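Note sheet for the following structure.
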Amino acid sequence: MDKFGLYVSQLLPFKEHFLPQAHRACMGCGVALGVRQAYKALEETRDWMKGTSWEIPCKQPLPGSLIKSKKEEKEEIRPSLLNIEKRGEARLFLCFDNEAVEGKPTPTVFKKWYPSVAVARGFHYVATACPSYPFDLIDKVKRGMESEGSSYIHILSPCPVGWDFDSELTVNIGRYAVECAVFPLYEVVTGSYRLTIDHPKLRPVEHYLRLQNRFKHFKQKEIIEIQVEVDREYAKLREGKM
Amino acid sequence: MAKKLRVVEKSEKHTWKDTKVGCVLLEEGKAKPFEPGQKPPLTPVWDKDMCVRCGLCYIFCPDAAIKRGEDGYYEADLDYCKGCGICHRECWFGAISMMEEG
């Protein structure tokens, strides 16, 4: 288990905690791939909650629960992530992000960046990971498990149905997202930022957007605006302040 | 890939007489004992001359269908393979090809 740095997948534990018959995912699912790789870093710890097929104690809360406010007659989303940390318990949160909640993508509205929320909330270890870089992901889950306080790991998981691409491109698109700096891989240990994978020469964002049919309606001018925004965020990350 | 619906006969049907007192569930619901479903139209086939046994296909399989044999080469468990083609795409040496079964 200590040889993740060698990047040899034969040295990983062959025992599968994530059983193939335990999920009903579509073919080429990024969430199933992320869960399976994350479970390589975890071990069976307790006997309670043995009823699940996944053999490791876990809960699956929703990132946001719908709450109806009485004054205004509209629904608002309150993330449960904000309310849990204040109890002072040590837990590991894995967020599998398939970018499905936002609905139809628009070039002007960017998604809510949960790792920054977790950093502001005072998590001891916050990281982003992608199943296209399996050893990086396994390493981060293990480090999050060992940290003293709560830890939060945001995992990008491409969705062939929602993003509308061929199922064999799942790993490829995750790799493009990191190489275009749309989804940078970094970790935050008690407030200090560090990029774990830093490409010296970034790909243009267009390569990532044109692979998926959900961005088909974007025009060339809008893609340039996205490129500017992505470059600005990435320059902030490189300097270590976000 | 239209899936056939399982026809429930009348004798198998769960009625109110089968529920326990207080609607207690004695067994937890889990997916472990379920059997796998249909087989995919295209399945991966390894060319053992090209394969270098690196294990990239093993770590990138979402369904944990690829297993290591005794000789070190990898094989797909066709009960669990869904035919997504990630192993075919990610193999650096082009050793895996998607073939029709039979």
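The values are calculated or read from the model by the stated rules, or taken from the named source; none is laboratory data. On a predicted model such as this, the values are computed, not experimentally measured, just so you know. For neighbour counting, all protein chains shown are included, and Cβ atoms are generated from backbone atoms with ideal geometry for every residue, glycine included. Ligands, DNA and RNA are excluded from the accessible area calculation, which covers all protein heavy atoms including side chains. Shrake-Rupley method; radii C 1.70, N 1.55, O 1.52, S 1.80 Å.
Quick notes on this one:
- Residues of the range A:153-161 include at least one that is modelled with pLDDT of 85 or more, open to solvent by 50 Å² or more (accessible area, probe 1.4 Å) and either under 16 Å from the mean Cα position of the chain (by Cα) or closer than 30 Å to residue B:58 by Cβ (or both).
- For the range B:52-102, filtered to residues that are surrounded by fewer than 17 Cβ atoms within 10 Å (Cβ to Cβ) and in contact (Cβ under 8 Å) with a residue 40 or more places away in the chain, the residue that is nearest to the other protein chains (Cβ to nearest Cβ) is B:79.
- Strands (runs of 3 or more DSSP E) (entirely within the range A:132-242) containing at least 2 residues that are closer than 30 Å to residue B:83 by Cα: A:151-156
- Among the residues making up the range A:93-122, those that are under 15 Å from residue A:155 (Cβ atoms) and surrounded by 14 or more Cβ atoms within 10 Å (Cβ to Cβ) are A:93, A:94, A:95, A:96, A:97, A:98, A:99, A:114, A:115, A:118.
- Restricting the range A:14-54 to residues that are facing chain B (nearest Cβ under 8 Å), open to solvent by less than 30 Å² (accessible area, probe 1.4 Å) and not in a loop (DSSP other than H, G, I, E, B), the residue that is modelled with the lowest pLDDT: A:22
- Tally, over the range A:189-203, of residues that are open to solvent by less than 60 Å² (accessible area, probe 1.4 Å) and either over 12 Å from residue A:129 (Cα atoms) or among the basic types (Lys, Arg) (or both): 4
- Residues (among the β-branched types (Val, Ile, Thr) and at the interface with chain B (Cβ under 10 Å from one of its Cβ atoms)) located in the range A:145-176: A:170, A:171
- Sole exception among (1) surrounded by 15 or more Cβ atoms within 10 Å (Cβ to Cβ); (2) more than 9 Å from chain A (Cβ to nearest Cβ); (3) free of Cβ contacts under 8 Å to residues at least 40 places away in the same chain for residue B:44, by number: (3)
- Some residue of the range A:183-202 being under 25 Å from residue A:239 (Cβ atoms) and in contact with a Pro (Cβ under 7 Å, 6 or more places away or on another chain): yes
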